Structures are given as structure tokens and as C-alpha cells.
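The values are calculated or read from the model by the stated rules, or taken from the named source; none is laboratory data. Because the structure is predicted, anything quoted here is derived from the model rather than measured. Here Cβ is always computed from backbone atoms with ideal geometry, including for glycine, and neighbour counts include all displayed protein chains. Heavy atoms of the whole protein, side chains included, go into the accessibility calculation; ligands, DNA and RNA do not. Shrake-Rupley method; radii C 1.70, N 1.55, O 1.52, S 1.80 Å.
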Amino acid sequence: MSRLDSFIRRMLAQRACLNWAAEAVADIAGPVLELGLGNGRTYDHLREILPERDIYVFEREIRAHALSLPPERYLILGDIADTLISAVSLLPAKAALAHVDLGTSDAGAYEALALRIGWLLKPLMKPDGIIVSNVCLRVSELISLDTPSGVKPGRYYIYRVSAAR
Ligand SMILES: C[S@@+](CC[C@H](N)C(=O)[O-])C[C@H]1O[C@@H](n2cnc3c(N)ncnc32)[C@H](O)[C@@H]1O
């Protein structure tokens with residue numbers, strides 16, 4: 001498969017999972033967390049499909065398109081290894097939905113970070129909240145769900161946060 005085809009499939013999977021998740025959290029109150037603003041494409045999509053939700057964005061370096069910049073009060077700048085911890089006391093409410101899209105050019109470093117993301121994210125989430133991720137999160141309290149039809153398993157990941165304490 002060409003890199004272009006692979007990129008297109010990844011974007012289609014990302015959109016399908018975000019659209020599915022937006023419906024899945026319809027009855028769960030709470031903000032949305034976007035981990036990795038990047039160019040701002042998925043942030044822009046989230047605010048379009050969930051216009052009534054507050055969206056908090058975690059990013060260490062702002063490089064987004066000018067039209068996809070979150071308002072300053074919703075931007076949490078710094079390394080998520082630190083900011084997800086401080087966010088526990090900063091966020092006004094636990095989140096209904098989180099999207100993890102933190103890829104870096106260093107695949108090894110991302111794999112190492114991925115081992116921690118689930119644990120850092122879980123305390124910020126509502127019970128039954130949904131996490132959509134471009135990386136597998138290995139946390140027992142996160143229940144792995146099937147991805148929407150058309151999304152190849154392993155291309156994107158969806159989890160429901162266990163309601164059990
Ligand atoms: C693939 S891009 C995100 C793309 C974005 N979702 C979009 O649709 O345009 C990944 C982003 O994650 C950010 N990032 C990677 N590791 C991070 C970390 N440890 N803490 C905070 N941000 C991080 C990078 O700076 C980069 O902007």
C-alpha cells in the first residue's frame with residue numbers, strides 16, 4: 001500500500017471513530033479532551049461535531065492553523081506527562097470524551113509515553129466516558145471496544161472507561 005493510501009485510510013479511520021464517539025457520549029455530560037493539537041484538524045472536527053461541548057486541548061508546541069486555534073483558556077500547554085497530572089485539579093469537570101493523537105517522529109518515545117497515557121488520562125474521565133486513540137492504551141480499567149465498520153482493527157482504538165471503582 002502506498003504511503004498516500006495508508007494516510008488516507010488512517011484519516012478515514014480517525015474521522016469514523018470520532019464521529020462514532022460523539023454519538024456514544026450523547027448522554028454523558030462533560031468536556032472533551034484533545035491530546036495533540038498539531039495542525040488542528042481533529043480539534044476543528046471535534047468542535048464541529050460537538051459544538052455545545054467545551055474542548056480542552058493539550059499540546060507542548062503550538063503549530064496549528066490560525067483557524068484551528070482553541071481559545072487560550074482551553075489550551076493546556078506543556079508535556080502531557082506533567083499537564084495531565086495538573087489537569088486533575090484544573091479541569092472544572094471530568095471529561096466525557098478524550099482523543100489521543102500525540103504521534104511524534106520518535107516511535108520508540110511514543111511507545112514509552114503510550115504506556116503511561118491511559119493511567120494519566122483515567123482520573124480525568126467520567127465513568128463510561130470514551131477514549132479514542134491512535135495508540136493502544138494498556139490499562140485494565142479501560143474496556144476495549146470494537147471500532148466502527150470499515151475501520152481495520154489496530155488502525156485506531158476505542159475504549160470505554162470502566163464504571164467500577
Ligand atoms: C500528530 S500531531 C496531532 C495532529 C492533530 N490531532 C491534527 O489533527 O492536526 C501530534 C501532536 O502531539 C504533540 N505532542 C507529542 N507528544 C507530546 C507530549 N508528550 N506532550 C504534549 N504534546 C505532545 C506534538 O507537538 C504534535 O503537535
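Numbers for the structure displayed
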read-out: Dipole of the range 1-105 [Lys/Arg +1, Asp/Glu -1 at C-beta], most positive-end residue of LEU33, MET11, LEU84; value: MET11
read-out: Size of charge dipole - the chain - debye, nearest 20, with Cβ of Lys, Arg +1 and Asp, Glu -1, no other charges; value: 320 debye
read-out: Candidates ARG116, ARG73, ARG155, ranked by Gaussian network fluctuation over the chain, Cα under 10 Å, top entry; value: ARG73
read-out: Calculated from backbone phi, Karplus (6.51, -1.76, 1.60) coupling profile of the range 54-67 in Hz, x at Gly/Pro; value: 6, 10, 9, 10, 9, 7, 9, 8, 7, 9, 6, 4, 4, 7
read-out: Under 5 Å, built H, 5+ apart or other chain: amide partners of MET125; value: ALA95
read-out: Top positive-direction residue, dipole computed over the chain with Cβ charges, set TYR56, TYR110, ALA96; value: TYR110
read-out: Residue-normalised accessible area of the chain, expressed per residue, 1.4 Å probe, Å²; value: 55 Å²
read-out: Cα convex hull of the chain, projected area averaged across orientations, nm²; value: 9.6 nm²
read-out: Computed [θ] at 222 nm, helices only, for the chain once each DSSP H run of length n ≥ 4 contributes -39500 (n - 2.57); value: -11000 deg cm²/dmol
read-out: Cβ-defined net charge surrounding GLY30, 10 Å radius [Lys, Arg +1; Asp, Glu -1]; value: +2
read-out: Sparse-neighbourhood loop sites, GluC sites (Glu not before Pro) in the range 59-116 - DSSP loop, at most 16 other Cβ within 10 angstrom; value: GLU61
read-out: Gaussian network model of the chain, Cα within-10 Å springs - most flexible of LYS152, LYS126, LYS94; value: LYS152
read-out: Highest-fluctuation residue, GLY78, GLY129, GLY36 considered, GNM on the chain with Cα pairs under 10 Å; value: GLY78
read-out: Rounded to 5, the percent of DSSP beta bridges in the chain classed as antiparallel; value: 30 percent
read-out: Efficiency of FRET between ALA29 and LEU115 - r from beta-carbon atoms, R0 30 angstrom, step 0.05; value: 0.50
read-out: Additional length obtainable on full extension of the chain from LYS152 to PHE7, 0.36 nm per residue less Cα span; value: 50.9 nm
